[in-house]
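Structure, as structure tokens:
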Amino acid sequence: MTFGPSGGDDDQMMSTINTTPLVDIMLVLLIIFLITIPVVTHTVPVNLPQEVNQPTQTKPQNITIAIDRDGGVFWNEERVADKQALLARLKAAAVLTPQPEVHIRGDQDARYDHVGRVVTACQRAGITKLGFITEPPARGG
């Protein structure tokens, strides 16, 4: 073993990489993966429930409340004068049996507080079934 410069023609440095440790590590990893893959692919057979989203069937007793971008409230396409008139109509609908569902259609550009006021009025009137109508996303997008 020599340290330092030698008197011979061995002045060049060795510029190759020793790949033996790399090959050893790769072989060990390959063996580990081959042993563990069958364990990972073993699963328990389970019957998952199948569910299909059914579109809402509009019944005559359903109430549709629309809110335009300016905050105007429409009860089944008929404009409601103010909050007290809306609350009175909701209270009258809340005592019916079976209680009708209230569907809220809010304009995309409407402020949230306009929709929130209608939801609060439904809550104060005692409406238990409340839903929001939205547009489905575009197909393939």
Filter the stretch 106-141 down to the residues that are farther than 17 Å from Arg69 by Cβ and either in contact with a helix residue (DSSP H, G or I) (Cβ under 7 Å, 6 or more places away or on another chain) or among the small types (Gly, Ala, Ser) (or both) and list them by number. Ala121, Cys122, Arg124, Ala125, Gly126, Ile127, Leu130, Gly131, Ala138, Gly140, Gly141
Residue count, the stretch 97-123, condition out of contact with any strand residue (DSSP E or B) (no Cβ under 7 Å at 6 or more places or on another chain), charged (D, E, K, R) and closer than 20 Å to Asn76 by Cβ, comes to 1
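For the stretch 72-126, name all the residues that are hydroxyl-bearing (Ser, Thr, Tyr) and either surrounded by 14 or more Cβ atoms within 10 Å (Cβ to Cβ) or more than 22 Å from Pro136 (Cα to Cα) (or both). First the steps, then the outcome.
If we filter the stretch 72-126 for residues that are hydroxyl-bearing (Ser, Thr, Tyr), which is where we start, we get 97, 112, 120.
Listed by number, the residues that qualify are Thr97, Thr120.
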List the number of the failed condition for Ala88; all other conditions in (1) of a type in the set (A, V, I, L, M, F, W, C); (2) without any contact (Cβ under 8 Å) to a residue 12 or more places away in the chain; (3) within 22 Å of Gln54 (Cα to Cα) hold. (3)
Filtering the stretch 127-141 down to residues that are in contact with a Pro (Cβ under 9 Å, 6 or more places away or on another chain) and surrounded by 14 or more Cβ atoms within 10 Å (Cβ to Cβ) yields Ile127
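Every number in this text was worked out from the coordinates using simple rules, so none of it is lab data. Please read all numbers here as calculations on a predicted model, not as lab measurements. Ideal geometry is used to build each Cβ from the backbone, glycine not excepted, and the neighbour counts take in all protein chains shown.
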